[in-house]
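The values are calculated or read from the model by the stated rules, or taken from the named source; none is laboratory data. Bear in mind the structure is a predicted one, so any value in this text is a computation, not a measurement. Glycine also receives a Cβ, built like all others from the backbone with ideal geometry; neighbour counts cover every protein chain displayed.
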Amino acid sequence: MSDLHTPFESGQGLVGATTQDGAERSPGPWRVALSQLLHNPVAIASTVMLVVVVGACLCAPLYAHHIAHTDPFSSNVTGTTVVNGKRAAILQQSTQGLGLGVVPIGPTWHLSGFFLGADGQGRDVMSRLLYGGRTTLLIGTASAVICCVLGALVGIVAGYLGGATDWILSRVLDVIWAFPVYLLAICLSVVLLTSGLDLGPLHVSAGSLMLPIVIIALIYVPYVARPLRGHVLSLKESEFVKASVGLGASELRVLRRELLPNVLPSVIVFLPLMIALNMLTESALSFLSIGVQAPQASWGTIINDGLDLLYTRPWVATAPGIMLVITAVAFNLLGDAVRDALDPKAKLRGSI
Amino acid sequence: MWVTPRYPAAAAAAAAILLTVTACGGSSPSTSPTGGPAGSSSATGDAAGHTGGTLHLVAQSAGGTLDPQVNYTLQYWQLYQATYDQLITYARVGGSQSVDLVPDLATAMPKVSDGGKTYAFTLRQGIRFSNGKPVTTADVVASFRRIFKVASPNAGSWYNVLVGADACLKTPATCTLDGGVVADAKTGRITFHLTQADPQFEAQLAMPFASILPASAPSKDAGTTPIPTTGPYYFSSYSPNSALTMKRNPYFKQWSAQAEPAGYPDEIEETFGLTAESEVTAVENNQADWMYDAPPSDRLVEISSKYSDRAHVNPLTAMWYLTLNSNIPPFNNVKARQAINWAVDRAAVVRLYGGTSLAQPACTILPPGFPGHRDFCNYTAGGGTTWTAPDLDKAKALVQASGTAGQQVGVVVQNDSVNKSIGSYLTSLLNQLGYKATLKPLSNNIQFTYIQNTDNHVQLALTQWYQDYPAAADFLQVLLSCASFHPHSDSSINIAGYCNHSLDAKMDAANTLGVTSPSAANTQWGTIDEDYMKESPLVPLITPKLVDFTSSRVGHYQFSLQYYMLVDQLWVQ
């Protein structure tokens, strides 16, 4: 039976195996993929970049409370700080010409406070950038995981069971697919962020991060489920699946032992790509004030905060934008590398 | 008067706040960069040779209907000064004299008799509408009937003192104002009979709602169709999605330089659809001569430093304030309301508005320099008559004493950048006080009506009020009387829903006193202001100033305390 299995039959992979006659078998597909990743400089570089970004964001409370000594979520409009030994207002009254306008303090480039300056509320931009990164990464990752799990589930079930189940699930996906992604996200956000979400005994408040996570996860399910359904339809006709069915394996066993291991690499390839996509979506929604709600911050909300300071304090908007670009590019490069390692023939990104 | 918002929304192009009117006494000087006299232009000299050219104005959006008896925005009230006339009007000059009432279509100020219940005018002869037809007493009578027929916004609050107004309010379509407005075509005499003396009646006659229109004007909102005018210009075309054009009225002959001076430009065009950022750039590059909307906050420093000779800063008799809903928790508790007044850092709000050159902290409902204003400050750390600092400890103690700590509070603001930033500050402050506050930004177009309707259960809202005319009642009685509170209505300007019959009686007494002794009445209004502040239904935040930004070719800038920049008095050549 093992001869009929694809390279991703469960039981093989990450741990090397030895045949009964003692001869060493070739390394499993997972091990090969890992080895390829470890020898791919782009994958290594993007992973390092992500580790740095994630690590820095996880240290946000440490930086805000013990280094910058600031509360990034409270307004500090009339506060002062010390710059080069001199006390200065955080929001500074213009003294030029007619004296119109107030400008937040600019970047001090000192980690001890206001490294990237202050925003319009007198809050430390660097601290908010790190906290915002936590939120953006959390929403991007959590929604991508939910999206991939749901997408895989729907794709496998629809593809394998076929018939009415496939028809119903496909039509549901068609309906979601028919909406422009951002329009659907905006509609859901506007409705849910007004009153929260009530599902029987479960209540999600309007300001909860669960709402953007769920909204973003749902709108992208078709993007994962459709290619996987096609993949399963193809696998269903393969010899090793037919052999398994012919040997009397139950549907559950076929799904678990034959299909899932072969679909899993595609799901894993999807994951980093979806994280990047979902982060961008979250930032777009938050930029439009219909994503993460104050007092929480995300990179999108910080860009929004900086919109009114573009002429005077461009770092407020550009710093989270740069972080977003770096992180999204890193996830995309990692996704490409994972795809190359697991399935060089896959064209998954092209289908997104 | 509330006027359309003035600062740009973050992502969308929003509206811009604008203001209506100012002042009183005219004692507040213009801070025009030239240092010239109040309200005067940076350009001086003979007007000869400055007539002609086209004045280009820009705005984010149109101001709605062009009908002067319906429109209630400063955007068009400014333009009506050069187009429509009333029997009497505020002098169309810059500086302190701009709050003086002068005869316009009437030959003289009215003769008041019968204890302030009868006002008699004589109509000027020889004036024609822009369609060539003469202005007659029949047009005057028809215009006042039309106020009710088109459901003019203040028909029920300003003109309800006219005899016959009750019937007109009940059945507008058949409004005749029998006995209320009596005209004699032969003598040109027009007499108004009131049901009771009203010290604000003359001021209300000078408002654009009381414009004299042809009797043939439609008995419904004219919308985008211009109605013939009497002033130096008429509206030649209007498309709310693109532009508004004004041309010279060929039948206009100046009859009073104070009431209706001839304008300088041959044509005035206002283009709609620009963002405030684009408006600034257009004016900087002389592609436009003036922007209706206030410059966005991030361009103020640039304007202030590079274009200081083209920026005109003028104080307003206006108020940015918070309304505390006195009928639902937590602000149905007077201690909770007082806590907010103690806690709000007005200096912070001044900074968020644009700094000390653009606003000053407010303690009173009546703005500084306004009739009835008295210097006092009930909610400032350390006491005194001016605001110096918040007292957060006292505020926290009051919140605890009120038993409202921990309650949810929604902060409803307009979604332009300045309002939202003040809202963010307030949300942060409320959380500090122990509430669970959330910010609810709403479109500028709907926020003002949304916060008035009790069905929306708005607890705390940020809004603004600009005077219609210089009288204490235009703030206190309009914003806080029981008559201004209309539950379940979008037109309930007493947004706090605060109704105090004792203070209502005091306001009625002050109004009555105002007929015979305005000075004594103003003293009473000052006391009433303080009485209201003790109950704390409102939180006065700042008294704002206005920035007019003009192109380099513009001269003869004049600022009226009543109607702001006199558009048609600008020179463009």
Would you mind listing the strands (runs of 3 or more DSSP E) fully within region B:299-371 where at least 2 residues are more than 14 Å from chain A (Cβ to nearest Cβ) and crowded, with 24+ Cβ neighbours inside 10 Å?
B:318-324
With the condition kept exactly as written, say whether any residue in region A:181-193 is more than 30 Å from A:A297 (Cβ to Cβ) and either touching a Phe, Trp or Tyr at 6+ places or on another chain (Cβ under 7 Å) or of a type outside the set (A, V, I, L, M, F, W, C) (or both).
no
When region A:287-298 is examined, which residues are found to be within 11 Å of another protein chain (Cβ to nearest Cβ) and within 21 Å of the chain's Cα centre (by Cα)?
A:F287, A:L288, A:S289, A:I290, A:Q293, A:A294
Residues in region A:89-123 that are on the phi < 0 side of the Ramachandran plot and within 14 Å of chain B (Cβ to nearest Cβ) total 20
Residue among B:S552, B:S492 that alone is within 30 Å of B:R92 (Cβ to Cβ), touching a helix residue (DSSP H, G or I) at 6+ places or on another chain (Cβ under 7 Å) and assigned to a loop (DSSP other than H, G, I, E, B):
B:S552
Is region B:240-262 home to any residue that is buried (at least 24 other Cβ atoms within 10 Å of the Cβ), of a type in the set (D, E, K, R) and at negative phi?
yes
Identify all residues within region A:174-199 that are within 23 Å of A:M279 (Cβ to Cβ) and without any contact (Cβ under 8 Å) to a residue 60 or more places away in the chain; write none if there are none.
A:I176, A:W177, A:F179, A:P180, A:L183, A:L184, A:C187, A:L188, A:V191, A:L192, A:L197
Taking region B:292-331 only, how many residues are without any contact (Cβ under 8 Å) to a residue 24 or more places away in the chain and among the aliphatic types (A, V, I, L, M)?
1
Inspect all residues belonging to region A:261-282 and state whether any of them is touching a helix residue (DSSP H, G or I) at 6+ places or on another chain (Cβ under 9 Å), of a type outside the set (A, V, I, L, M) and closer than 27 Å to A:G122 by Cβ.
yes
What are the pairs with Cβ atoms under 8 angstrom where one residue, in region B:388-408, is more than 20 Å from B:T438 (Cα to Cα) and the other, located anywhere, is among the charged types (D, E, K, R)? Sequence gap at least six, or different chains.
B:A389/B:D345; B:P390/B:D345; B:P390/B:R346; B:L398/B:K335; B:A401/B:K335; B:S402/B:K335
Residues that are within 9 Å of chain A (Cβ to nearest Cβ) and in a helix (DSSP H, G or I), drawn from region B:408-422:
B:S417, B:V418, B:K420, B:S421
Only one of B:A496, B:A471 is buried (at least 24 other Cβ atoms within 10 Å of the Cβ) and under 20 Å from B:T73 (Cα atoms), namely B:A471
Could you tell me whether B:S130 is surrounded by 15 or more Cβ atoms within 10 Å (Cβ to Cβ), part of a loop (DSSP other than H, G, I, E, B), hydroxyl-bearing (S, T, Y) and modelled with pLDDT under 95?
no
In region A:101-137, the residues that are without any contact (Cβ under 8 Å) to a residue 60 or more places away in the chain and surrounded by fewer than 22 Cβ atoms within 10 Å (Cβ to Cβ):
A:T108, A:W109, A:H110, A:L111, A:S112, A:G113, A:F115
Could you list, in sequence order, all residues of region B:271-298 that are facing chain A (nearest Cβ under 10 Å) and closer than 27 Å to B:A362 by Cα?
B:P295, B:P296, B:S297, B:D298
Kindly indicate which of A:T327, A:T301 is within 14 Å of chain B (Cβ to nearest Cβ) and not hydrophobic (A, V, I, L, M, F, W, C).
A:T301
Can you tell me how many residues in region B:292-325 are aliphatic (A, V, I, L, M) and touching a helix residue (DSSP H, G or I) at 6+ places or on another chain (Cβ under 8 Å)?
5
I need every pair where a residue in region A:66-82 that is more than 9 Å from every other protein chain (Cβ to nearest Cβ) has its Cβ under 8 Å from the Cβ of a residue that is of a type outside the set (G, A, S) and surrounded by fewer than 17 Cβ atoms within 10 Å (Cβ to Cβ), sequence separation at least 6 or different chains.
A:I67/A:L111; A:A68/A:L111; A:T80/A:R87; A:T81/A:R87
